[in-house]
Amino acid sequence: MVKLFLDGGPFMWPILIVFIVGLIIVFERLYALITITSKTKAFTKTIKETLREEGIPGAIAACEDSTSPIAVMFAETLRHFDKGFAKMEKTLDTVGSLEMTFLEKNQIWLSTVIVIAPMLGFTGTVSGMVTAFQDIAASNDMSPAVVAVGISEALLTTLFGLVVAMIIQVFQNFFLFQIDNLVIDMERSSLDLLDDLESKNFKK
């Protein structure tokens, strides 16, 4: 593997750097989404009971104790309880949009890695072909041995760039799937909260 990497020429190094950056972002997002999902599930299991037993003040305190995005949404909504149902619904939508942006953090950088890695690979391909033709011109010979180094460099950089892009693409698709599921759960819980608040199904 190391030999193949070195045979790929100078463009293998920027592709490797891009891959490492992509993996760092992948691990950061993986940890963040696992943590957020766990906290959100734990929070939504208890908040309705807290609201019913302790009322608005108790529910706000419970929201402030949690770092889940949905806790932030619920806290801001509950603080606007006295301003009417329409205001609470609007607050929930607004804060929910902001929290959604946080969930999608760094996705653009994963997209950048997915685009740049193959481009670097294709650039390495062009570089390898230029090397092959230069070797032909220098030796005035079309034998396979003369062009082997340049063609090998061209194919290896393309291969490595595409493999990097595919690996990061798989992770990005997984993250988007997880975010979609998390958003659906948050929307469901938000509707339940609004129903409870509208029906005043909580301790006064």
Inset, instruction - In debye, nearest 20, what is the charge dipole magnitude of the chain about its Cα centre with +1 on Lys and Arg Cβ and -1 on Asp and Glu Cβ, if you could check? - result: 360
Inset, instruction - Taking the Cβ of residue 43 as the centre, find all other residues whose Cβ is under 14 Å away and add up their charges (Lys, Arg: +1; Asp, Glu: -1). - result: -1
Inset, instruction - Once you've got the Cα coordinates, tell me which of 48/90; 3/105; 48/83; 45/200; 83/200; 41/83 are over 25 Å apart. - result: 3/105; 41/83
Inset, instruction - For segment 158-204, evaluate the Debye formula with one uniform point scatterer on each Cα (no solvent term) and list log10 I(q)/I(0) at q = 0.21, 0.29 Å⁻¹, rounded to two decimals. - result: -0.75, -0.94
Inset, instruction - Identify, among 96, 114, 78, the residue whose Cα sits farthest towards the positive end of the charge dipole of segment 64-126, taking +1 on the Cβ of Lys and Arg and -1 on the Cβ of Asp and Glu, with the dipole about the Cα centre. - result: 114
Inset, instruction - At 18 Å minimum axial length over the Cα atoms and a Kyte-Doolittle cut of 0.0, report the qualifying DSSP H helices in the chain, or say none. - result: 12-65, 85-103, 107-139, 144-198
Inset, instruction - For the chain, report the translational diffusion coefficient in µm²/s to the nearest whole number, using Stokes-Einstein at 25 °C, 0.890 mPa s, and a Kirkwood Rh over Cα pairs. - result: 120
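Read-outs: derived from the displayed coordinates by stated rules, not from any lab. Since this is a predicted model, take the numbers as computed values, not measurements. Cβ atoms come from the backbone with ideal geometry, glycine included; neighbour counts cover every protein chain shown.
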